[in-house]
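Single-structure report; data block below.
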């Protein structure tokens, strides 16, 4: 399904809770922003739920998807959305490694959750729609070099292997339709 087809499909609904997951550099953020601009509602980022330093134990980080605080995301975002309540949460700032001041986001029937780990098994049942994006390793590296050349070693040596462990452990590419988007 192409971007315009997703816009058409989602615009026909009275409400949706869309998860966009997939490989880093595959276009998740770009697609989410485009859908958000066309459809309105709220856009939430899984990057706002990285695990704070005090919870980053070797045991937790060895778990597939364990580097995201999925429990906090479930309690502060997904459950309130499903209950049609205001979302009250704190974003995690990766630069300062701290939680920011809490914000309130009034309920809206259109919600997009964007980012790797959005389809962690603890979260999957809450979504009405799912998009999973995949990209070739060579194009992924090229995009990451353009986006964050100073962090490419971190991506190649740490973040991509952690994502791959998550995708494989939870059969993300087998469970859901995968869209190989080369140009977003």
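What the table below lists for this structure:
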quantity: Exclusive hit being touching a helix residue (DSSP H, G or I) at 6+ places or on another chain (Cβ under 8 Å) and either assigned to a helix (DSSP H, G or I) or farther than 28 Å from residue 162 by Cα (or both), set 7, 20; calculated: 7
quantity: One residue from 8, 63, 75, 54 being surrounded by fewer than 19 Cβ atoms within 10 Å (Cβ to Cβ) and under 17 Å from the mean Cα position of the chain (by Cα); calculated: 75
quantity: Number of positions in the stretch 147-173 that are closer than 17 Å to residue 132 by Cβ and not in a helix (DSSP H, G or I); calculated: 2
quantity: Scan of the stretch 80-138 for residues that are in a strand (DSSP E or B), without any contact (Cβ under 8 Å) to a residue 40 or more places away in the chain and touching a strand residue (DSSP E or B) at 6+ places or on another chain (Cβ under 6 Å), ordered by number; calculated: 88, 104
quantity: Check on residue 18, modelled with pLDDT of 95 or more and surrounded by 15 or more Cβ atoms within 10 Å (Cβ to Cβ); calculated: yes
quantity: Out of 90, 95, sole residue that is over 19 Å from residue 127 (Cα atoms) and surrounded by 12 or more Cβ atoms within 10 Å (Cβ to Cβ); calculated: 90
quantity: Residue tally, condition out of contact with any helix residue (DSSP H, G or I) (no Cβ under 6 Å at 6 or more places or on another chain), without any contact (Cβ under 8 Å) to a residue 12 or more places away in the chain and either surrounded by 13 or more Cβ atoms within 10 Å (Cβ to Cβ) or within 16 Å of residue 27 (Cβ to Cβ) (or both), over the stretch 143-157; calculated: 3
quantity: Residue among 154, 104 that is closer than 23 Å to residue 64 by Cα and more than 16 Å from the chain's Cα centre (by Cα); calculated: 154
quantity: Count - residues of the stretch 25-49 that are surrounded by fewer than 20 Cβ atoms within 10 Å (Cβ to Cβ) and either modelled with pLDDT under 95 or not in a strand (DSSP E or B) (or both); calculated: 11
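The values are calculated or read from the model by the stated rules, or taken from the named source; none is laboratory data. On a predicted model such as this, the values are computed, not experimentally measured, just so you know. Please note: Cβ atoms are built from the backbone with ideal geometry, for glycine as well, and neighbour counts cover all protein chains shown.
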